[in-house]
Amino acid sequence: MKIRTLITGGGLAGLSCARRLNEASSPYLLVEREKETGGLCRTIETHGFAFDYTGHFLHFQKDEIKKWVLSLAKGQFKERKRRAVIYSQGAYSEYPYQENNAGLSSETVRGNVLGYLEAALNRRFRKVDPANAENFKKWCLQAFGPGISKNFMYPYNQKLWKVSLENLTTHWMGRFVPSPRISEVVAGALTKKPSLSGYNATFLYPDKGGISILPKAIAQGLPNLWNGVGLKQLFLNKKKALLDNGLEVDFEFLVSSLPLPKLAGLVPDLPAFLKKAAKKLRATSIYNINFGFRGKQPIPFSWVYFPEPEFLFHRAGSASACVPSVAPRGHFSLYVEFSYNGAKPDPKILGRHAMEKLKKLGWIKSERDLVTRVDLNLPGAYVVYDGERDEIVGNLLAYFEKRGVYAAGRYGRWEYGSMESAIEQGIQASAKIPKK
Ligand SMILES: Cc1cc2nc3c(=O)[nH]c(=O)nc-3n(C[C@H](O)[C@H](O)[C@H](O)COP(=O)(O)OP(=O)(O)OC[C@H]3O[C@@H](n4cnc5c(N)ncnc54)[C@H](O)[C@@H]3O)c2cc1C
């Protein structure tokens, strides 16, 4: 068959591209390997609970994207307040750690704040500029000082990324790591109050249906979405795609939201140096366990960061704490996230560990109150920004783009992106398809 634009992957990026092309009456076909579209923004509904592929909270930086999405989702998203904290030294302190030390031991507060002040003085008077730091580890030290680095930034990020922090660049951080002012650090050490700093202090979320409402709203009424059909091979010189149902598709343009190294692996005529480079791209995976319990909502936290090694998970939280309707009346939900590299860890061991720690934290009383458990594996969830990533990604994207293949989305462009950026990149890719 022949089609002007083939879109591979039906997550937010692919769907947004399809929607825009449809609005422009530009012919397309979208193929999604899974039985349903949505990608990472799907929701499992069972026993009256709605579980996302770990916490997925919608926030916007760009008004035009927000307007477009909300016009499609018509009244389904409501504004919610984040309540994020850090658990360390047996106490909860407000997020972000670097700005909220009140509640920690006086020795820790002293070390953290004095270290921060010293780092701030170095920045001002010795012209130490964290923007020039060689790696993430040095950046932490120059931005926050030794106390905050040792007590939170190093152990938390080490647990999440599972790679040496000296091998990480700072190019992924952007708004994801807030840098408070001196006055905010000092005030946060003296007074404990829920913090509203950071990009995600408030977010949008529907009452019903979980985050899957978002891709469903974008996909609604769209023709030419094929589920359960994946891209198998791509012959770029012939502009031909082989699908895993055996069909061959001749295309003029291709928009790919497949993970970039995976796309590279499907192209037999890709130059050997690019093939070899693509194999070096790395990502850290997440194993997410969701629990539905009977009983009263035990914690007010949307999510909690766990820097200490006693906890094998780096983050845990409760979607029902901020959106009670994701659990049936008289019930609550919890989620726990473990990161891993390489082989998938044993779910039994992780589940046992999670239960033991949730009990110790006082979030649950007894395992007998468990109603349901949903395990979700997210292979390659967090792109690792090591020293080689930027150049390899730049070369691959340029090679593809020259041949009419436009990459979009968190994995398509191999980056640390949000739902909004996946949508935006899908829209941008659609704009690259020339009008006939
Ligand atoms: C742990 C975690 C938490 C997150 N939390 C948030 C949050 O709170 N807020 C936020 O804004 N963002 C969050 N994000 C980011 C957000 O999920 C992504 O930016 C967004 O969902 C990416 O959409 P996408 O379309 O780019 O990719 P995906 O959703 O991965 O879609 C790609 C699609 O391609 C399909 N595919 C793969 N191979 C093939 C093939 N061969 N043929 C056809 N199809 C194929 C896949 O099945 C998938 O459906 C989070 C991400 C993670 C990992």
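Listed values, structure above:
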| item | result |
| --- | --- |
| Kyte-Doolittle mean at least 0.0 and Cα axial length at least 18 Å: DSSP H helices in the chain | 419-431 |
| For VAL371, residues with placed amide H under 5 Å, excluding near neighbours | GLY292, PHE293, ARG294 |
| Alpha-carbon centroids, region 292-337 and region 219-240: separation in whole Å | 38 Å |
| Neighbourhood net charge (12 Å Cβ-Cβ; Lys/Arg +1, Asp/Glu -1) for ILE7 | +2 |
| Reciprocal mean inverse distance between Cα atoms of region 283-383 - Kirkwood radius, Å | 13.9 Å |
| Label-reachable residues, region 321-355, where backbone N falls under 19 Å from a point 7 Å from ASP244's Cα toward its Cβ | 344 |
| Dipole in debye (nearest 20) - the chain, about Cα centre, beta carbon charges: Lys, Arg +1; Asp, Glu -1 | 300 debye |
| Residue of TYR399, TYR416, TYR97 that the Gaussian network model of the chain assigns the largest fluctuation, springs spanning Cα pairs under 10 Å | TYR399 |
| Within region 84-190: Cβ-based charge dipole about Cα centre, in debye rounded to nearest 20 (Lys, Arg +1; Asp, Glu -1) | 240 debye |
| Stretchable slack from ASN377 to HIS171, in nm (0.36 nm times residue separation minus alpha-carbon distance) | 71.6 nm |
| Per principal axis, descending, Cα span of the chain in whole Å | 69, 57, 41 |
| Linear extension gain, GLU401 paired with GLU118, 0.36 nm per residue minus alpha-carbon span | 97.2 nm |
| Farthest toward positive dipole pole in region 84-190 [+1 Lys/Arg, -1 Asp/Glu at C-beta], among PHE144, VAL185, ALA91 | PHE144 |
| Amide hydrogen neighbours beyond the local backbone of GLN89, cut-off 5 Å, H modeled | none |
| Within a Gaussian network of the chain (alpha carbon springs, distance under 10 Å), most fluctuating of ALA13, ALA321, ALA187 | ALA187 |
| Extended-chain gain in nm, criterion 0.36 nm per residue less alpha-carbon gap, ASN237 and ARG80 | 51.6 nm |
| Restricting region 237-321 to trypsin sites (Lys or Arg not before Pro) in coil, as DSSP defines it, with at most 12 other Cβ within 10 Å | LYS238, LYS279, LYS280, LYS296 |
| MRE, 222 nm, helices only [DSSP H, n ≥ 4, -39500 (n - 2.57), over the chain, to nearest 500] | -9500 deg cm²/dmol |
| Radius 15 Å from Cβ of ASP129, net charge of other residues (Lys, Arg +1; Asp, Glu -1) | +4 |
| For ARG315, distant residues with modelled amide H under 5 Å away | PHE306, GLU337 |
| Ranked list, fewest to most other Cβ atoms within 10 Å of each Cβ, for THR108, THR191, THR169 | THR191, THR169, THR108 |
| Candidates ARG19, ARG124, ARG389: whichever shows maximal mean-square fluctuation once the chain is modelled as a Gaussian network with Cα springs under 10 Å | ARG124 |
| Environment charge at ASN237 (Cβ cut-off 10 Å; Lys +1, Arg +1, Asp -1, Glu -1) | +3 |
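Just so you know, all these numbers are worked out from the coordinates, no wet-lab data involved. This one's a predicted model, so the numbers in the text were calculated from it and none came from an experiment. As a convention, Cβ positions derive from the backbone with ideal geometry for all residues, glycine included, and neighbour counts pool all protein chains shown.
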